[in-house]
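Student: One structure is given below, represented as structure tokens, and several questions about it will come after.
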Amino acid sequence: MPSGPEATVATSLSFTEGPTVDAEGNVFFTETVNSRIMKFSPADRKTTVFRADSNRANGLLFDGEGRLIACEGSDAQRNSPRVTRTNMKTGKVEVLAAGYEGKQFNAPNDVTIDDKGRLYFTDPVPDSTSPNAVSPAGKTGTPGVYRIDPDGKVARILAGPQIEWPNGISISPGDKTLYLVEANKVEGGTRAIRAYDLAADGTVSNMRIHYNFYPGRSADGMTIDTEGNIYAAAGLQRLRGTKETLDTKTGIHVISPAGKRIGFTPIPEDTITNCAFGGPGNQTLYVTAGKTLFQIQYGIAGTRR
């Protein structure tokens, strides 16, 4: 297996998550410990606070109109898990979805988009050690994957026990396949990337395991390039009291549409969380890991999913 290009440091903060890149090349990512959304400008290497109180935002994404989508996990005090959309011109924050069938979400985690502008997001059930753990009272109480249509309708397309601990999510070019990270840390839990056929109506079928990380740590987040290769942020360098082993090396695992690992770039920091393409030609992969935002130059264009 060929080794990947070297990862270099873009900027350093505290616990980083959920990167996405705007049309001007600015990298937006979340700092979950301090509940902030940050903005990194590659042009001048400056990092600034975009949103000081992010409601524990995690996964981010820019939609086709340049609006910032955020999965907000909330906390026990605020108790407002939701998916929002920010108008980058006015700063107005709009709530797209806050619950399903009369119950609140658990803690929305990651989000992707298809060619029709439909959003798909994951909503795991936080464990008791999670920094955004919430009381199950009034919550859906089951892990879910949801779709938000352009008209605002919310549909649940996957739920437990079909899925266990949904985390990262992405869609292949051409909207043929939906990929879902399972990151269940318990003994025997699924730690893999699932693949589903994605129908024209936004429903999924034909689940199969695309790539298995078990018994090591699964991917957290992932993105995809224009040829359909997945870039998965996975692995641990130190045990963390779960049933995950150190078999999965920490870094970006490049996985082909056939489910074969075809490349790997090590990341020298725990805990790696997510990645997104940006930069000239959309060939720079930005990776959040621990307190650091890394960048890796690839010779292939990525998607903004």
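Student: Just to be sure before I move on: is residue 72 without any contact (Cβ under 8 Å) to a residue 60 or more places away in the chain, buried (at least 22 other Cβ atoms within 10 Å of the Cβ), in contact with a Lys or Arg (Cβ under 8 Å, 6 or more places away or on another chain) and of a type outside the set (Gly, Ala, Ser) in the structure I sent?
Tutor: Yes, satisfied.
Student: Just one of (1) of a type in the set (Asp, Glu); (2) touching a residue at least 40 places away in the same chain (Cβ under 8 Å); (3) touching a Ser or Thr at 6+ places or on another chain (Cβ under 8 Å) trips up residue 197, so point out which.
Tutor: The one condition residue 197 does not meet is (2).
Student: Select from the stretch 247-305 the residues that are at pLDDT below 95 and within 18 Å of residue 179 (Cβ to Cβ) and write down the one among them that is surrounded by the fewest Cβ atoms within 10 Å (Cβ to Cβ).
Tutor: The residue in question is 304.
Student: A further question follows. Please state which of the following conditions residue 54 fails to meet, knowing it meets all the rest: (1) within 20 Å of residue 28 (Cβ to Cβ); (2) surrounded by fewer than 18 Cβ atoms within 10 Å (Cβ to Cβ); (3) of a type in the set (Gly, Ala, Ser).
Tutor: Against the list (1) within 20 Å of residue 28 (Cβ to Cβ); (2) surrounded by fewer than 18 Cβ atoms within 10 Å (Cβ to Cβ); (3) of a type in the set (Gly, Ala, Ser), residue 54 comes up short only on (2).
Student: Further question: Quick check on the stretch 228-241: of everything there that is touching an Asp or Glu at 6+ places or on another chain (Cβ under 9 Å) and part of a loop (DSSP other than H, G, I, E, B), which residue is surrounded by the most Cβ atoms within 10 Å (Cβ to Cβ)?
Tutor: Within the stretch 228-241, the subset touching an Asp or Glu at 6+ places or on another chain (Cβ under 9 Å) is 231-238, 240.
Still in the running and part of a loop (DSSP other than H, G, I, E, B): 235-238, 240.
Numbers: 235: 27, 236: 19, 237: 18, 238: 8, 240: 12.
My answer is 235.
Student: Here's a follow-up. So which pairs qualify, if the first residue must be in the stretch 152-181 and aromatic (Phe, Trp, Tyr), the second must be crowded, with 24+ Cβ neighbours inside 10 Å and assigned to a loop (DSSP other than H, G, I, E, B), the Cβ gap must be under 8 Å, and the two must be at least 6 apart or on different chains?
Tutor: Listed by first residue and then by second, the contacts come to 165/124.
The values are calculated or read from the model by the stated rules, or taken from the named source; none is laboratory data. Every value quoted in this text rests on a predicted model; they were computed, and no experiment measured them. As a convention, Cβ positions derive from the backbone with ideal geometry for all residues, glycine included, and neighbour counts pool all protein chains shown.
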